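The values are calculated or read from the model by the stated rules, or taken from the named source; none is laboratory data. Because the structure is a prediction, the values reported are computed rather than measured. Here the Cβ is made from the backbone with ideal geometry for all residues, glycine too, and neighbour counts use every protein chain on show. Surface accessibility is based on the protein's heavy atoms, side chains included, excluding ligands, DNA and RNA. Shrake-Rupley method; radii C 1.70, N 1.55, O 1.52, S 1.80 Å.
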Amino acid sequence: MEILRTILTVIFAIDCIALTVVVLMQEGKQQGLGAIAGAADTYWGKNKGRSMEGALVKATKIMAVLFFVLAAVLNMNF
């Protein structure tokens, strides 16, 4: 069981680092004055799911769920 705990701890540490990097790579959500001029209706604004920003959001959600699951599992006494 100690080997499994060590492997999960390593995966947890990698997930923490990757989650931090992915969150820092994302753009800010404030549009500023660009939203007034209609910059939010550009190609990238409409197809956000297919852009790199959409992929970063999806990766953040997956890694956040993995973070919480691993944190709960590693907190159990087994």
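Once the range 45-78 is narrowed to residues that are part of a loop (DSSP other than H, G, I, E, B) and either surrounded by 10 or more Cβ atoms within 10 Å (Cβ to Cβ) or among the acidic types (Asp, Glu) (or both), the residue that is modelled with the lowest pLDDT is Asn47. Based on this model, can you work out whether Thr42 counts as modelled with pLDDT of 90 or more, open to solvent by less than 100 Å² (accessible area, probe 1.4 Å) and among the hydroxyl-bearing types (Ser, Thr, Tyr)? No.
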